[in-house]
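Contents: one structure, followed by commentary.
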Amino acid sequence: MIKPFFSKALSDEEKEIRTEVFVKEQGFVDEFDDADYSSWHLVLFYNDYPIACARFFAIDPETYHIGRVAVRASFRKKKVGTYLMKFVETKIRELGGRWAILSSQLDKKGFYEKCGYHVSSEGEIKYEQGCPHIDMAKLLIKKKGYRSRTQY
């Protein structure tokens, strides 16, 4: 059974997953940063084994930035990433967030589109540590009479 664990602190399990995925597999150097200290963190466990993680933090009271989404290689293509995003989005709604934004690695864009995210209005490709990324957003809660947010 998959169980979520939310925390306001970066756990050893999350460090392990992120190091495995981002540092060892993908070659990122600056994996951990100051945002880790002000973020919510989620680790998914399968039978007490940590299999995936993400972090998210408020940009403003209604907008949360999701990042460092990672799934261990042996658990990919099994909907774990989709579960991870659903858990994060539910928590953001509980915290009062209406929007989720993220910077997707370009080759992961299709995954986020399947999760309901859309490329931001700029659609500009940015490079983070040499890896192409694109900004994406998803409206999590609609308000009556609400119009689309122009910057996303």
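Nearest 10 degrees, 0 to 90: what angle lies between the long axis of helix 80-94 and the longest principal axis of the chain (Cα atoms)? Around 50 degrees separate the two axes. Peptides 45-53, 81-89 ranked from most to least packed, by the mean per-residue count of other Cβ atoms within 10 Å: 81-89, 45-53.
Considering only DSSP beta bridges where both residues belong to region 46-118, give the percentage that are antiparallel (nearest 5).
65
In region 1-145, the portion of solvent-accessible area held by carbon and sulfur atoms comes to 54 percent [1.4 Å probe, whole percent, DNA, RNA and ligands not counted].
Listed by chain and number, the lysines placed with their C-alpha closer than 22 angstrom to that of Lys143 are Lys86, Lys91; residues fewer than eight positions away on the same chain are left out. The antiparallel fraction among DSSP beta bridges confined to region 24-152 stands at about 85%. Applying the Karplus relation 6.51 cos²θ - 1.76 cosθ + 1.60 with θ = phi - 60° to region 127-139 yields 3J(HN,Hα) values of 10, 10, 6, x, 9, x, 10, 9, 6, 9, 8, 9, 7 Hz, where x marks Gly and Pro.
For a straight C-alpha distance cut-off of 18 angstrom, the aspartates and glutamates reachable from Lys138 (same-chain residues fewer than eight places away being disregarded) are Asp60, Glu62, Glu89, Glu94, Glu113, Glu122, Glu124.
Placing a pseudo-label 7 Å from each Cα along the Cα-to-Cβ vector at Cys131 and Arg76 gives an inter-label distance of 1.1 nm. Protein heavy-atom accessible surface, 1.4 Å probe, per residue over the chain: 57 Å².
By the helix-only formula, in which each DSSP H run with n ≥ 4 contributes -39500 (n - 2.57) and the sum is divided by residues, the chain has a 222 nm mean residue ellipticity of -5500 deg cm²/dmol. Remark on the chain: Rg and Dmax equal 15.0, 47 Å (Cα only).
Rounded, prolate or oblate: which one fits region 80-143, using the alpha carbon gyration tensor with axes a ≥ b ≥ c (rounded when a/c is under 1.5, else prolate when a/b beats b/c, else oblate)?
Taking the square roots of the gyration eigenvalues as a ≥ b ≥ c, region 80-143 is prolate.
The values are calculated or read from the model by the stated rules, or taken from the named source; none is laboratory data. Small disclaimer: the values here were computed from a predicted structure and weren't measured. All Cβ positions, even for glycine, are placed from backbone atoms using ideal geometry, and neighbour counts span all protein chains on display. Calculation scope for accessible area: heavy atoms of the full protein, side chains included, ligands and nucleic acids excluded. Shrake-Rupley method; radii C 1.70, N 1.55, O 1.52, S 1.80 Å.
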